[in-house]
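The values are calculated or read from the model by the stated rules, or taken from the named source; none is laboratory data. Keep in mind that what you see is a predicted model, and the values were worked out from it rather than measured. A quick note on method: Cβ atoms are made from the backbone with ideal geometry, for glycine too, and the neighbour counts reach across all protein chains shown.
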Ligand code: HEM
């Protein structure tokens, strides 16, 4: 639950009793309340703020969805939050009425202060967002994502070799560490994280995350993401809910001072990456083929060789700090989410031996023993694709989505949605809808599998024939969905082809260390990106010949990396 300090409560109570009762906003709010969708009763002034777990809201939101139906409302102080619990409601508002619902309700502390207002994921719907979105699309749209498959192929070969070397985790203290959200460098989780970050690092800066050890940038990306998703969780700070608190001087607003420090800490990483890129381009006389290079080149051609500062120039070019943060958003958006989904896949496969057996039989029939699965095999591996989709359905990495905002008053099926409301597409509740997904708590890839037919991804944004909602909706739909799906297919098909993976027994007690995938508290992290906590796995090649093939491929790979001007793998 949100735990404000005594000082917060006193200051907020004093100012808000006045605010809620006398201000225009307050009057408009109370006047319109009778038309709002149903919702749980709150307390005066603070509303439902104390009923919502800031870091783990989705179980409570599911309960309310069951109680109130497809739409309910909450009050977080003076802010109205509208929660959409069915695909029909979310599609209608975010897709059909996207003009009104494509803004963001950005958390004040997480966006305005920590991110200095520059993270694309929380930008309001306006010209800065449009400039950023267009630039990212040029690097992640259908054409560029297809070209990136070559890198995903090579990086996943590195992952196989890393897992082979990891083996039973012998000699690694972290293999049997207690479940934790902080991933030790020598834990097998790090191998998947390296893969995910290296792919998006290639997209943004044209360089690899080629090693795990002695790679402070790689680890800091995950630290920054972990910090950001905690700070930005809706309702985490009273100053997010109560705009009036933003007027307090620094001495009464310690959260602001702290968030400014965090911003400087983040900028050491994000600004450092841009500076490093510019320096190496200057030194080598060539720049790698990537998002940042092509953006800087175009910007220079349009007369902005230098554009320091935040935001955009008068003619719409992103200045350095904004550019840095847009690249950072791609690094963040593509690292934790993709690795989290891949790790969840391993957990679900271990928890469902019959699904793993079926996926393995499919791969063995289609691919055989003498080559790795490839992208071209996807059409013939519908069950593997169904397993990935079911992982995303059962474990949406962002279970409450990213909140949208209503720009104007609106009515949905007789319920009033006031202008300025935070509007949440409750992915968790939609994915647990027993009508859409019978037995929703069961991991059942067969729900997406049609024997003999290839399984399409059907992940949106088109509302028709949509199978899950992990990538959001409408104009704010995830820009990395194609890249994420390609990565997940490649990783998942190849690890099943290559390894017998299993959970070791507890060396002390002898019992299984397989976590319970349904244990929300014990198995999954807090924060708006939900990641499995660490658990031990033994990675054994399925045969000596497969092990030999992985080693041979890895040796050849090093030459390929070098011929591309990229760092070879390193321990
Ligand atoms: C399994 C992996 C991923 C998941 C679950 C995921 C999920 C999401 C979600 C829920 C949103 C917000 C959508 C909305 O507001 O309705 C989003 C936005 C975004 N994602 Fe992803 N994402 C993933 C991978 C990626 C990757 C690999 C990239 C980049 C290569 C990426 C780039 C972005 C960007 C740039 C946005 C911001 C869009 C905007 O606000 O306009 N994502 N993602």
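May I ask you to list the residues in region 387-417 that are more than 16 Å from the ligand (Cβ to nearest atom) and crowded, with 21+ Cβ neighbours inside 10 Å? Result: 417, single match. Counting only helices (runs of 4 or more DSSP H) that sit wholly inside region 310-395, those with at least 2 residues that are at pLDDT below 95 are 320-351. Checked against the criterion of being touching a strand residue (DSSP E or B) at 6+ places or on another chain (Cβ under 6 Å) and farther than 18 Å from residue 201 by Cβ, the candidates 253, 259, 241 yield just one match: 241.
Please work out if residue 184 is surrounded by fewer than 17 Cβ atoms within 10 Å (Cβ to Cβ) and in contact with a helix residue (DSSP H, G or I) (Cβ under 7 Å, 6 or more places away or on another chain). Against the criterion (surrounded by fewer than 17 Cβ atoms within 10 Å (Cβ to Cβ) and in contact with a helix residue (DSSP H, G or I) (Cβ under 7 Å, 6 or more places away or on another chain)), residue 184 qualifies. The set of residues from region 449-482 being modelled with pLDDT under 95, buried (at least 20 other Cβ atoms within 10 Å of the Cβ) and either outside any loop (DSSP other than H, G, I, E, B) or away from the ligand (no atom under 15 Å from the Cβ) (or both) comprises just one member, 455.
Given the options 491, 495, name the one that is over 29 Å from residue 426 (Cα atoms) and over 17 Å from the mean Cα position of the chain (by Cα).
Only one candidate qualifies: 495.
For residue 503, the stated conditions hold: it is more than 16 Å from the ligand (Cβ to nearest atom) and under 21 Å from residue 387 (Cβ atoms).
Residues of region 561-569 include at least one that is touching a residue at least 24 places away in the same chain (Cβ under 8 Å), closer than 30 Å to residue 326 by Cα, touching a helix residue (DSSP H, G or I) at 6+ places or on another chain (Cβ under 6 Å) and surrounded by fewer than 16 Cβ atoms within 10 Å (Cβ to Cβ).
Just one of the numbered conditions (1) surrounded by fewer than 23 Cβ atoms within 10 Å (Cβ to Cβ); (2) touching a strand residue (DSSP E or B) at 6+ places or on another chain (Cβ under 8 Å) is not true of residue 66: (2).
Residues in region 68-93 that are over 13 Å from residue 424 (Cβ atoms) and out of contact with any helix residue (DSSP H, G or I) (no Cβ under 7 Å at 6 or more places or on another chain): 68, 69, 75, 88, 91, 92.
Is it true that some residue in region 514-527 is in a loop (DSSP other than H, G, I, E, B) and crowded, with 22+ Cβ neighbours inside 10 Å? There is at least one residue in region 514-527 that is in a loop (DSSP other than H, G, I, E, B) and crowded, with 22+ Cβ neighbours inside 10 Å. Taking every residue in region 470-482 that is free of Cβ contacts under 8 Å to residues at least 40 places away in the same chain and over 15 Å from residue 331 (Cα atoms) and pairing it with any residue that is assigned to a helix (DSSP H, G or I) and more than 6 Å from the ligand (Cβ to nearest atom), at least 6 positions away or on another chain, the pairs with Cβ-Cβ distances below 6 Å are 471/481. The condition (being in contact (Cβ under 8 Å) with a residue 12 or more places away in the chain and in contact with a helix residue (DSSP H, G or I) (Cβ under 6 Å, 6 or more places away or on another chain)) is satisfied by just one residue among 384, 379, 398: 384. It is to be established whether one or more residues within region 347-365 are within 16 Å of the ligand (Cβ to nearest atom) and in contact (Cβ under 8 Å) with a residue 60 or more places away in the chain. Yes, because at least one residue in region 347-365 is within 16 Å of the ligand (Cβ to nearest atom) and in contact (Cβ under 8 Å) with a residue 60 or more places away in the chain. Would you call residue 61 buried (at least 20 other Cβ atoms within 10 Å of the Cβ), more than 30 Å from residue 270 (Cα to Cα) and out of contact with any strand residue (DSSP E or B) (no Cβ under 7 Å at 6 or more places or on another chain)? No; evaluated as a whole, the condition is false for this residue.
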